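The values are calculated or read from the model by the stated rules, or taken from the named source; none is laboratory data. Since we're looking at a predicted model, the values are computed, not measured. Neighbour counts run over all protein chains shown; Cβ positions are idealised from the backbone, glycine included.
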Amino acid sequence: MKRFFIILALALPVPCISAQEKIKSNDANAPPGDKQEAALEKSGNKDSTDLQTPQNSLEKFSAIAAKRGVKTKPTDDSAFGVHPNGKALPYAASNKFNWKPAIAQSLIFLAMQHGFRMTEKKTRDELNGPFLRDWKRSVQNLGGWNDGGKDFTNYIAHPMQGAVTGRIFINNSDKARRQEFGKQGHYWESRVKTMAWSALWSLQFELGPISETSIGNVGKTRAGDGRSKQTYGDIVVTPLVGTGLVVLEDMVDKYVLDHWLEQRFTNSLMIKITRSLLTPSTSFGNILRGRAPWRRDYRFN
C-alpha cells in the first residue's frame, strides 16, 4: 500500500514557478513607480531611473537613445512636464530651431515697436521723400556712442528690447529652452547664441530695411553740435546688456522662484503674479508666442 502512494505522488504534476514568472508576479504587485523603474531596468535603460531634473532627464533620454540607436522625435511644449512623484517624464528631446514661429514672433514685436514710433510726430514727418536715398543717408551718418537720448531709453528700454528678442530665440530653440542657469557649458553656449540672435535683430532694427533709419530716417540730419542720432551705442548695448538681463532672469527664476517661493507657497495666483513681475522679458516672450505670461515649460503652471 505504501508503495502505491509513493508511485501516485511521483506521477502527479508538481506546480513549478519559474524565475521569470516570479518576477512578473512581483512586478504586478509593485507600486506604479516601481513598475516604471523595473520596466526601464529590463529594457536596458538603467541610467533612466535616475531622473532628478527635467533638464537632466531629457539629456539622459537623448544620450541613451543615441547609444541604443533609437531615433527621438520632437514633441511640443505640452508634452513636457513634471511627474507628480517629482521625476521628469522621459520624453524625447529635440535640438531643432523652430524658424517659422521665431520669425513670426520677431515680426510681431517689430510691428509693435514701429507702431509705437508712428505715434511720434518726428517719425511721421520723415515718411515723405525718396525711400532709398533717405535710408542710405541715415545709415551713412552712423557714428559715435552717445545719441543724446534719455538714459532710460538707452540703458533700460533698449536692453529690455534685447532681452525680449533673446527670449524669442530661447523659446524657439528646443535646446536653449531646456537649459537651466548653472555652470554647465550647454547653458552658456545657448546664451551666447541668444546674444548673437539679439545682435542681428538689433542691427536690423537700427539700420535694416524695416528699421529706424528706413522708417522715420533716424540719423538723416545731425544735431547742431554735429552729433548723430544713429550711433554704435544702441547696436552694442541692446544685445549685450539685454543678454545680461536674460541671465539675471534665469538666476531669479531658479533660485528665487523655483527653489524658494514655489517650494514654500501653494497659492497659485501669487506664484503666477510673482513669475510675471520678476521675469518681465520671459513674460513678454510668452505673450508673443501666445502663452500665459507666467508660463514655464518644465514646471507646473
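Yes/no matrix, rows are residues, columns are (1) surrounded by 12 or more Cβ atoms within 10 Å (Cβ to Cβ); (2) not assigned by TED's automatic domain parsing to the domain that holds residue 174:
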position	(1), (2)
259	no, no
263	no, no
269	no, no
277	no, no
283	yes, no
296	yes, yes
Handout entry: Residue check for residue 128: part of a loop (DSSP other than H, G, I, E, B), within 23 Å of residue 171 (Cα to Cα), modelled with pLDDT of 50 or more and not hydrophobic (A, V, I, L, M, F, W, C)
Key = no
Problem - Some residue of region 167-181 being basic (Lys, Arg) and at pLDDT 95 or above - result: yes
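Here's the yes/no breakdown for (1) of a type in the set (Val, Ile, Thr); (2) in contact with a strand residue (DSSP E or B) (Cβ under 8 Å, 6 or more places away or on another chain); (3) under 20 Å from residue 96 (Cβ atoms):
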position	(1), (2), (3)
179	no, no, yes
187	no, no, yes
193	no, yes, yes
197	no, no, yes
204	no, no, no
209	no, no, no
215	yes, no, no
220	no, no, no
227	no, no, no
Exercise for the section: Please state which one of 98, 154 is modelled with pLDDT under 95, under 32 Å from the mean Cα position of the chain (by Cα) and under 30 Å from residue 249 (Cα atoms). Expected result: 154
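Report, by residue number, each residue of region 258-288 that is part of a loop (DSSP other than H, G, I, E, B) and in contact (Cβ under 8 Å) with a residue 12 or more places away in the chain.
If the condition is that a residue be part of a loop (DSSP other than H, G, I, E, B) and in contact (Cβ under 8 Å) with a residue 12 or more places away in the chain, then 279 is the only one that fits.
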Problem - From the options 242, 226, residue that is outside any helix (DSSP H, G or I), of a type outside the set (S, T, N, Q), more than 14 Å from the chain's Cα centre (by Cα) and under 23 Å from residue 155 (Cα atoms) - result: 226
Problem - Residue satisfying condition, being surrounded by fewer than 17 Cβ atoms within 10 Å (Cβ to Cβ) and of a type in the set (Ser, Thr, Tyr), within set 194, 153, 123 - result: 153
